[in-house]
Amino acid sequence: QALRQLSQRTISTASRRQIENRVPEHQKLFQEDNGLPVHLKGGAKDSLLYRATTVISVFGTVYAIYYLAVSSMPKK
């Protein structure tokens, strides 16, 4: 009995908060032919994340190559 009331209460409270379905808006945005790659269509935030990721990747690659070169040299 108590379990039934608890489950009904949980279901009924969840149905009060209706979440707006924004999938069609996002589909229009990402399917629009505006010459941008899909990973940049989200706006300025996507562009910033893309550039930050690129900078971190380039820095990490240069750092790894530098330490590879340093470790390949014999110590005096």
List the pairs whose first member sits in region 12-40 and is farther than 24 Å from T54 by Cβ, whose second member is open to solvent by 100 Å² or more (accessible area, probe 1.4 Å) and modelled with pLDDT of 90 or more, and whose Cβ atoms are under 7 Å apart, counting only residues at least 6 apart or on separate chains? none
Tell me, which helices (runs of 4 or more DSSP H) lie completely within the chain with 2 or more residues that are modelled with pLDDT of 85 or more? 23-31, 44-72
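The values are calculated or read from the model by the stated rules, or taken from the named source; none is laboratory data. Please read all numbers here as calculations on a predicted model, not as lab measurements. Note that each Cβ is placed from the backbone with ideal geometry, even for glycine, and that neighbours are counted across all protein chains shown. Side chains included, ligands, DNA and RNA excluded: accessible areas come from the protein's heavy atoms. Shrake-Rupley method; radii C 1.70, N 1.55, O 1.52, S 1.80 Å.
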